[in-house]
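See below for the structure under consideration.
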Amino acid sequence: MSTLVAAAAGAAVLVATPASGAASTLAAAAQQSGRYFGTAVAANKLSDSTYVNILNREFDMVTAENEMKMDATEPSQGQFSYGNADRIVNQARNQGKRVRGHALAWHSQQPGWMQNMSGSALRQAMLNHVTQVATYYRGKIYAWDVVNEAFADGSSGGRRDSNLQRTGNDWIEAAFRAARAADPNAKLCYNDYNTDNWSHAKTQGVYRMVQDFKSRGVPIDCVGFQAHFNSGNPVPSNYHTTLQNFAALGVDVQITELDIEGSGSTQAQQYQGVVQACLAVARCTGITVWGIRDTDSWRASGTPLLFDGSGNKKAAYTSVLNALNAADPTGPTTTDPTGPTTTTTTSQNPGGGCTATYSEGQKWNDRFNGQVTVSGTNNWVVTVTVSSPQRIIATWNTTATWESANVMTARPNGNGNTFGFTIQHGGNWNWPTISCRVG
């Protein structure tokens, strides 16, 4: 069943009500569909009892926020320091949690001695760092972010100019081969930000690299999507397509550093959309949020996490938990790498000015996704009508209100003119009826 939960004045988000016996923590809910739900951890917070209680209760994957980066683990050339990283790894493993290693090679947070190097000396120092750190933690790491943020922002789709890039265009491949030799059973990931929108040049650049690596046998097992979102960079409507297209290359996809600035129902809807996008891709193996409480976040002023500064669960927590609990444990029944089908139905306002096009999306045994794209106006009102026993159990990228159990009214919420929803079909696979008018 579903229920409408008011999360802020003038706005509401539809979330699934957990069924009797549903999992009550994020990790347990994610495990039902074979996924993990993790968080970034700072060693200096491990003496905070509220922090540790939430960590132990809610998460089953841990990423060291800064303690495994290059400046922390090799502060002087050839002198390795693992104390704070070990605190995080040992705490996680003692609690039965797995660990993501972050990050072996990166242009940023390099120790001073490395920043002053170049050419073949830098290349050798980087490879030695990868080898030494991955060897030290061999067998204790689920997945390594082997290379972090190596592509440039903007329209080029090319590599970032950095001291590592200037050692030769094959430096990323060399780092992955060194990591495989050092820790052969860990998954090896490339990790980056602003790669969420399938149409962006940076996303396409990373995609081409992964495609090339897979075609040549370079050891790469997964791609990490950092997923730092805010009002200026919301969850894109084609996020599921991005994840699915990468997965179709034969790699796992992981959401690695999720945080979404905002509050109330808008934030909850955005989180829900990210979780549903992952659940819709069989090879999306897990989600990690970048911190526990808002006050622990690197973006604390944007209150971007699932717990407030006092450790209380936010509306976003509830939307994530319920979305995870609503997942089909057998996974999606379709794995179309092109994403939603191109079959559409269109409703045009007889008076002009508003056209709504419905596209069929991902299907599961018990539900299916739909997407509506509006053209002709930015001030639209779309009415979506489902047929009994169908029920809309989730929405994203829209502000939804309800005329009845079967009739939803959707309006813009600042995230563009494309929105989506999930219909629990109850055996009725018919598409909804849509109509559009200028608001």
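Pull up the stretch 52-76, narrow it to residues that are farther than 18 Å from Gly96 by Cβ and in contact (Cβ under 8 Å) with a residue 60 or more places away in the chain, then point me to the one that is most open to solvent (accessible area, probe 1.4 Å). That would be Glu65.
Inspect all residues belonging to the stretch 218-229 and state whether any of them is more than 23 Å from Arg35 (Cα to Cα) and out of contact with any Leu (no Cβ under 9 Å at 6 or more places or on another chain). Yes: one or more hits. Using the structure shown, decide if Ile423 is open to solvent by 10 Å² or more (accessible area, probe 1.4 Å), of a type in the set (A, V, I, L, M, F, W, C) and within 29 Å of the chain's Cα centre (by Cα). Spelling it out, it is not the case that Ile423 is open to solvent by 10 Å² or more (accessible area, probe 1.4 Å), of a type in the set (A, V, I, L, M, F, W, C) and within 29 Å of the chain's Cα centre (by Cα).
Thr401 satisfies every condition listed in (1) open to solvent by less than 50 Å² (accessible area, probe 1.4 Å); (2) touching a residue at least 60 places away in the same chain (Cβ under 8 Å) except (1). Within the stretch 36-50, the residues that satisfy the criterion of being out of contact with any strand residue (DSSP E or B) (no Cβ under 7 Å at 6 or more places or on another chain) and open to solvent by less than 40 Å² (accessible area, probe 1.4 Å) are Ala42, Ala43, Leu46.
Selection of strands (runs of 3 or more DSSP E) fully inside the stretch 327-405 by the criterion of at least 3 residues being under 23 Å from Arg35 (Cβ atoms), at pLDDT below 85 and not aromatic (Phe, Trp, Tyr) returns 355-363, 391-396. Right, Arg87: modelled with pLDDT of 95 or more, in contact with a Leu (Cβ under 7 Å, 6 or more places away or on another chain) and open to solvent by 40 Å² or more (accessible area, probe 1.4 Å) or not? Spelling it out, Arg87 is indeed modelled with pLDDT of 95 or more, in contact with a Leu (Cβ under 7 Å, 6 or more places away or on another chain) and open to solvent by 40 Å² or more (accessible area, probe 1.4 Å). Of the residues contained in the stretch 155-174, one or more are found to be out of contact with any Leu (no Cβ under 6 Å at 6 or more places or on another chain), at pLDDT below 95 and open to solvent by 50 Å² or more (accessible area, probe 1.4 Å).
Give me the residue from the stretch 301-311 that is open to solvent by 40 Å² or more (accessible area, probe 1.4 Å) and in contact with a helix residue (DSSP H, G or I) (Cβ under 7 Å, 6 or more places away or on another chain) and, out of that set, nearest to Asn53 (Cα to Cα).
Step by step, filter the stretch 301-311, then rank; the result is Asp308.
How many residues are within 17 Å of Gly168 (Cβ to Cβ) and surrounded by 14 or more Cβ atoms within 10 Å (Cβ to Cβ) if we restrict to the stretch 111-151?
Initial filter on the stretch 111-151 (within 17 Å of Gly168 (Cβ to Cβ)): 114, 117-130, 146-147, 150-151.
If we keep only those that are surrounded by 14 or more Cβ atoms within 10 Å (Cβ to Cβ) too, we end up with 114, 117, 122-123, 125-130, 146-147, 150-151.
Within the stretch 111-151, residues that are within 17 Å of Gly168 (Cβ to Cβ) and surrounded by 14 or more Cβ atoms within 10 Å (Cβ to Cβ) number 14.
Can you tell me which residues in the stretch 406-417 are assigned to a strand (DSSP E or B) and farther than 17 Å from Val438 by Cα? Val407, the sole residue that qualifies. Report, by residue number, each residue of the stretch 274-299 that is at pLDDT 95 or above and of a type in the set (Gly, Ala, Ser). Answer for the stretch 274-299, where residues must be at pLDDT 95 or above and of a type in the set (Gly, Ala, Ser): Gly286, Gly291, Ser297.
Being open to solvent by less than 30 Å² (accessible area, probe 1.4 Å), within 25 Å of Leu279 (Cβ to Cβ) and touching a helix residue (DSSP H, G or I) at 6+ places or on another chain (Cβ under 8 Å): is that true of Thr418 here?
No, not satisfied.
The values are calculated or read from the model by the stated rules, or taken from the named source; none is laboratory data. Being a predicted model, the structure only gives us computed values, none of them experimental. A quick note on method: Cβ atoms are made from the backbone with ideal geometry, for glycine too, and the neighbour counts reach across all protein chains shown. In case anyone asks, the SASA skips ligands and DNA or RNA and just uses the protein heavy atoms, side chains included. Shrake-Rupley method; radii C 1.70, N 1.55, O 1.52, S 1.80 Å.
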